[in-house]
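Novice: Next up is a structure, given as structure tokens.
The values are calculated or read from the model by the stated rules, or taken from the named source; none is laboratory data. All figures in this text were calculated on a predicted structure; none of them were measured in a lab. Neighbour counts are summed over all protein chains in view; Cβ atoms, including those assigned to glycine, are modelled from backbone coordinates with ideal geometry.
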Amino acid sequence: MNFNQAEWRKACSVDGEFREAARFWNGGLRLRMDGAALSLIVRDGEVISRDATDDDVVIEYAGEASVWSDFLAAKPPRFHNDLMANLATGSGLRVLGDSKMHAQYYGAIMRAVELLRPALDAAPPRIDRKEGQYDAPVGRYVHLNLGGHDHRVYFEEAGTGIPLLLQHTAGCHGSQWRHLFECAEITSRFRLIAYDLPMHGKSLPPTTKNWWTEPYALRGDFLRSVPLALARVLKLDRPVFMGCSVGGLLALDLAHKHADVFRAVIAVEGALRIGGDLGSLSMLYHPQVSNAYKARLMDGLMAPASPVALRRETSFVYASGWPPAFVGDLQYYIDEYDLRSSAHEIDTQRVGVHVLSGEYDYSGRTELGRAAHEAIPGSTFTEMKDMGHFPMSENPAAFIQHLLPVLSRITA
């Protein structure tokens, strides 16, 4: 590993992002490749100039030279852009150390590794707004009876034409879709409606239920009831439904169970089954681990070529959410949802089905999206190169170019 250890330590000690993530950290990081190693020791958040010893509590990542070579490239290949992406996909790295400390300081760990990479020359997003200019969407609240309780649900809308309901990802809210609202090619043909699920964003919990006395877990029947109720209450004439991640699974779920309500569904990062072990995700909602952990994990689901400012905005929304919401939404995403034995029943003569998958997404992988497409006769599939799990917010300009042909197909 041909890196100057002193220069690496200095880079970390003056980097604002690392320093913010490493606050109060007493421990360190060791990167091991074959017989070589780099170490970084931190005391009360400050980098100190010495090697790690057996007395230091360190997190260690180890792998072969070829794996580190890919990982430390300016533009790492798929599943080598993030440490957790590499671990989750079995792509060559191994980790040792205290799991709680790993979660508490994952942002600092990952930033330290990023500082070993050559800088990626990525253009920042253009900002064309002037002072005093209004964005297109208008927000409102509507009352929905869901599960026998009154829910005050927030939504934003803009555009005219075919209604297009927009469902956010797990633990997030409708602001993820904000860039689509400003695209005249879309809003001239579609009425966009982005809503916050109950207990997400501006959709506050119901006042008629003691929701704080029980664990939060999102179930399919409740999740499906939200867009169905919105379509009914807002008197939408066979709307299109588009969702991402948990919303992408919901899109296919709705096509299977409620083809009479929707004219088409667009499953962004969709699949027939995600699966996994919910028990292994305990650090996502732990009293000694902050929301910053899940925010940094979300960055690892995005593509390195996506604009950094928009990646950070996407992560910021995750860090701002109600702590139990993300892991609670994964009850549906990981545990309950499974269309593998019934996807062939979806009738694309009644409801159009379109699947879009980002190359760098290590959760709803492109292989899973393609398998969903192949299991649903008459569906379409788009692999989005250089994009990740949140295409509409991490790289909206590129996402819109993939989306427009799908929307044109729907209007036709």
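Novice: With the condition being of a type in the set (S, T, N, Q) and more than 30 Å from E374 (Cα to Cα), I'd like the helices (runs of 4 or more DSSP H) fully within the range 207-323 carrying at least 1 qualifying residues.
Specialist: It comes to 291-300, 308-319.
Novice: Then there is this: Any idea which residue in the range 354-412 is surrounded by the fewest Cβ atoms within 10 Å (Cβ to Cβ), counting only those that are polar (S, T, N, Q) and outside any helix (DSSP H, G or I)?
Specialist: T380
Novice: Looking at I266 and the list (1) farther than 15 Å from L165 by Cβ; (2) touching a Leu at 6+ places or on another chain (Cβ under 9 Å), which single condition is not satisfied?
Specialist: (1)
Novice: For the list (1) within 20 Å of Y293 (Cβ to Cβ); (2) out of contact with any Leu (no Cβ under 8 Å at 6 or more places or on another chain), I need the number of the one condition that I109 fails.
Specialist: Only one criterion in (1) within 20 Å of Y293 (Cβ to Cβ); (2) out of contact with any Leu (no Cβ under 8 Å at 6 or more places or on another chain) is unmet by I109, namely (2).
One line per residue, one yes/no per condition, for (1) hydroxyl-bearing (S, T, Y); (2) more than 26 Å from A119 (Cβ to Cβ); (3) part of a helix (DSSP H, G or I):
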{"position": "G28", "(1), (2), (3)": "no, no, no"}
{"position": "R32", "(1), (2), (3)": "no, no, no"}
{"position": "D55", "(1), (2), (3)": "no, yes, no"}
{"position": "V67", "(1), (2), (3)": "no, no, yes"}
{"position": "D70", "(1), (2), (3)": "no, no, yes"}
{"position": "F79", "(1), (2), (3)": "no, no, no"}
{"position": "A85", "(1), (2), (3)": "no, no, yes"}
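Novice: Let me ask something else about it. Return yes when E185 is touching a residue at least 12 places away in the same chain (Cβ under 8 Å), over 23 Å from the mean Cα position of the chain (by Cα), surrounded by fewer than 19 Cβ atoms within 10 Å (Cβ to Cβ) and not in a strand (DSSP E or B) and no when it is not.
Specialist: Here the answer is yes, as E185 does meet what is asked.
Novice: Another one. So which of G147, G132, G161 ends up being modelled with pLDDT under 95, over 22 Å from the mean Cα position of the chain (by Cα), loosely packed, with under 15 Cβ neighbours inside 10 Å and closer than 26 Å to L252 by Cβ?
Specialist: Checking each option against the conditions leaves just G147.
Novice: Filter the range 108-127 for residues that are more than 26 Å from D54 (Cβ to Cβ) and either part of a helix (DSSP H, G or I) or in contact with a helix residue (DSSP H, G or I) (Cβ under 8 Å, 6 or more places away or on another chain) (or both) and give the result.
Specialist: Result: E114, A122, P124, P125.
Novice: Could you check the range 62-86 and list, in sequence order, the residues that are buried (at least 17 other Cβ atoms within 10 Å of the Cβ) and aliphatic (A, V, I, L, M)?
Specialist: A62, V67, L72, L83, M84, A85
Novice: Given the condition in contact (Cβ under 8 Å) with a residue 60 or more places away in the chain and of a type in the set (V, I, T), answer yes or no: does some residue in the range 358-369 qualify?
Specialist: No - not one qualifying residue is present in the range 358-369.
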